[in-house]
Amino acid sequence: MIRWFKLVVFMACLAPLARLGWKAYEQRLGANPIEVITHSTGDWTLIFLLVTLSITPLRKLTGQLWLIRFRRMFGLFAFFYVVLHFLTYIWLDKFFDFHAMLADIARRRFITVGFTGFVLLIPLAFTSTSGWIRRLGGRRWQAIHRLIYFSATAGVIHYWWLVKADIRKPREYAVVLGALLAYRIAVWAKPKLTAGAPFPPFRKERERVGQPAPEG
Ligand code: HEM
């Protein structure tokens, strides 16, 4: 059952690319096809990054453990679309002029931060298999995969910096990313805050009056 569902989700993740391909075939990409392709692949990169980041909170809040089986797929689709996004830029926009590309990365801050987001995703994509989890060990693997937080942040900043006036869309992405990161910070901070809760003084008080402290 889950296999079939995975296949359906996989096909759905390819739909944005199929739609672009169909529009290109019908020559309906408008006056500036490169811009349309760059924008579509950029948007889908960010959407897949945010969907990937939503899996853990959704799984924890709903108790639907099977959701975790889709996280790697969504993460790899984020990488797939950013590769297309980058290829559009370097191939259709810069015609493989690496000199011009490096100049762009150094000069235009939105390209610098976008490129950083892309580079951060490379180790994640290459270590996404179960073999790499075993080889690196859970803790190290998890530490590497936290790079996704920085990549998604770089992606949002990249978008925010490239828009000229209307910041509504990048702001929407920023709000969603902010909520997903806030969830992680809350999960990380909770044990530290409860460790400082007033339980130990109560324990001392109970011991003083001869009552045993509760277990746990
Ligand atoms: C994690 C990495 C990245 C993410 C999430 C991302 C996301 C986006 C988004 C959302 C847009 C705007 C789409 C729209 O207007 O609807 C965009 C545009 C663009 N991105 Fe990226 N991007 C990333 C990396 C890169 C890289 C590595 C390059 C090139 C080196 C790049 C070059 C561009 C360009 C040239 C535009 C169009 C700018 C314009 O319209 O003037 N991006 N990107």
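The values are calculated or read from the model by the stated rules, or taken from the named source; none is laboratory data. None of the values given here were measured: they were computed from a predicted structure. Neighbour counts run over all protein chains shown; Cβ positions are idealised from the backbone, glycine included. Remember, those area values only see protein heavy atoms, side chains included, never the ligands or the DNA or RNA. Shrake-Rupley method; radii C 1.70, N 1.55, O 1.52, S 1.80 Å.
Of all the residues in the range 53-75, those that are open to solvent by 70 Å² or more (accessible area, probe 1.4 Å) and within 12 Å of the chain's Cα centre (by Cα) number 2. Check whether at least one residue in the range 170-193 is outside any helix (DSSP H, G or I) and surrounded by fewer than 16 Cβ atoms within 10 Å (Cβ to Cβ), and report yes or no. No: zero hits. Within the range 120-142, the only residue that satisfies the criterion of being within 16 Å of the ligand (Cβ to nearest atom) and surrounded by fewer than 12 Cβ atoms within 10 Å (Cβ to Cβ) is Phe126. Counting only helices (runs of 4 or more DSSP H) that sit wholly inside the range 1-100, those with at least 2 residues that are within 14 Å of the ligand (Cβ to nearest atom), modelled with pLDDT of 95 or more and in contact with a Phe, Trp or Tyr (Cβ under 9 Å, 6 or more places away or on another chain) are 33-62, 71-87. With respect to Glu207, is the statement that it is modelled with pLDDT under 95, more than 20 Å from Phe48 (Cβ to Cβ) and not in a helix (DSSP H, G or I) true? No.
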